[in-house]
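Since every read-out is calculated from the coordinates, none of them should be taken as a lab result. Here the structure is a predicted model, which is why all the values come from computation and not from measurement. In this analysis, Cβ positions are derived from the backbone assuming ideal geometry, glycine residues included, and neighbour counts consider all displayed protein chains.
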Amino acid sequence: MKRICVITGTRAEYGLLRPLMNKLYPEEGIQLQVIATGTHLSPEFGMTYTDIEKDGFVIDERIEIVLSSDTPIGISKSMGLAMISFCEAYERLKPDMIVVLGDRYEIFAAVSAASVARIPVAHLHGGETTQGAFDEAFRHSITKMSYLHFTSTEVYRNRVIQLGEAPERVFHVGALGIENIKSIPLLSRAQLEEQLGFHFDRTTVMVTYHPVTLEQSTSESQFTSLLTALDEFKHVRIIFTKANSDTEGRTINAMIDQYANNNPDKAIAFTSMGQTRYLSALQFVDAVIGNSSSGIIEAPSFHVPTINIGDRQKGRLQAESIVNCGADKEEIANSLNQVLSVEFREKIKDIVNPYERDHTSDRIIVEIKNALAKGIDLKKTFYDL
């Protein structure tokens, strides 16, 4: 029996990992372990560890690291606390492999501790680029500390190999988020409206905006520009999903709360919608606005246009449904006019999502089991092109 430990620190990340966890749990020869950390354990961000438990998973370790601060000092202290706590959790759980997704600071800390503990790492979504966030450096560092790599596109697979990882350990499997879209029974419009207390009776947009962490104190000014642009569209209703715990994330969330309170007739805000409600809402909105990876990866599968603001997601592969713009009011307003036009909707109705591939979680499990069966030598050599 091999112990596979899945680590999750945010609601969005767990939503992506859930189909993989669902298949790992009953898999013969596998004992699934779960570590919940980060915003999952924070009342401010919705205590979303309860979503994991509601889905029937046992959380083996809860590692609290979120301090009541989103300053650089506060986040660095959270990373230090995470490393101390993860090494202790690994000593108790003794996993044969950990599985992580993405690029956040808590995952960087978890993988750093695993490297010292000589625990092999399977990393999802490596090789991607997000030039506006310090997650960029974390992601590539996680790649170098990982043994197995599961990328969302062939371009990203090649980039992981370019970082010196052996091609036989790098697999293009597609994005788990697309598997969710295909496998999760989504809500009807009536069901969704009842659960949200919100009606899709006119043009509606979904807004998710995170801090651009490699810029100095730009969150308030940039988000103000977005809200001011939205004010020009009196007929448009808005669903806000709140920012994560990155530097200045609380600034954005306070502005969202104030805007929703001041505009109850057109706006509603959620700390966490949950994966099913979020994906169900993507069916019925007319556009996604902000700088979230979901607007790049998942939204195109619904043929819903995305306005990608600023540099946070700069460098990612993009479908034709995505319009990039700067973070000033005029550019955002012009982009919204563009994506809401009949011509643009016609243009994107047959787009292909570059992140889509069949049987993503099944491919991951096969390669994990193969690696564990063969035995893992953590003394990696650098693969030269």
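A few notes on this one:
- Full extension of the chain between Gln258 and Lys144 yields a length gain of 36.8 nm, computed as 0.36 nm times the residue separation minus the alpha carbon distance.
- Simple spin-label estimate for Glu232 and Ile84 gives 5.0 nm between the two label positions (7 Å along the Cα-to-Cβ direction from each Cα).
- The chain, relative contact order in percent, only Cα pairs under 8 angstrom and at least six apart counted: 16
- Working ranking of peptides 369-381, 78-90, 160-172 by packing, defined as the average number of other Cβ atoms within 10 Å per residue, highest first, is 78-90, 160-172, 369-381.
- As a rough guide to protection, the peptides 143-150, 317-324, 280-287 ranked by mean Cβ packing within 10 Å, highest first, stand as 143-150, 280-287, 317-324.
- Checking the cross-link pairs Lys77/Lys369; Lys54/Lys380; Lys54/Lys182; Lys2/Lys242 against a 32 Å limit on the alpha carbon distance flags Lys77/Lys369; Lys54/Lys380; Lys2/Lys242 as lying beyond it.
- Those residues of segment 278-310 whose amide nitrogen sits under 19 Å from the label point placed on Thr251, 7 Å along Cα→Cβ: 290-292, 309-310
- Evaluated with a Cβ-only charge set (Lys, Arg +1; Asp, Glu -1), the chain carries a dipole of roughly 760 debye about its Cα centre, given to the nearest 20.
- Among the trypsin sites (Lys or Arg not before Pro) within segment 293-359, those in coil by DSSP and having at most 10 neighbouring Cβ atoms inside 10 Å are Lys349.
- Mean separation of Cα pairs under 8 Å and 6 or more residues apart, divided by the residue count, gives segment 189-347 a relative contact order of 24 percent.
- Ordering of 198-204, 32-38, 65-71 by burial proxy (mean other Cβ atoms within 10 Å per residue, highest first): 32-38, 65-71, 198-204
- Stretchable slack from Arg202 to Arg345, in nm (0.36 nm times residue separation minus alpha-carbon distance): 49.9 nm
- Net charge, Met145 excluded, C-beta distance under 12 Å - Lys, Arg +1, Asp, Glu -1: +3
- Only one residue of Leu41, His210, Leu340 has its Cα farthest out toward the positive end of the dipole of the chain, where Lys and Arg carry +1 and Asp and Glu -1 on Cβ, and that residue is Leu41.
- Counting only whole DSSP H helices of the chain, the ones at least 24 Å long by C-alpha along their axis and with mean Kyte-Doolittle hydropathy no lower than -0.5 are 72-93.
- Quotient of Cα Rg and 2.2 N^0.38 Å for segment 1-102, N being how many residues it contains: 1.07
- The chain: calculated mean residue ellipticity at 222 nm from DSSP helix runs of at least 4, using -39500 (n - 2.57): -13000 deg cm²/dmol
- Legend: P(r) of segment 189-347 from all alpha carbon pair distances, 5 Å bins from 0, whole percents, reading 1, 9, 20, 24, 23, 15, 6, 1, 0.
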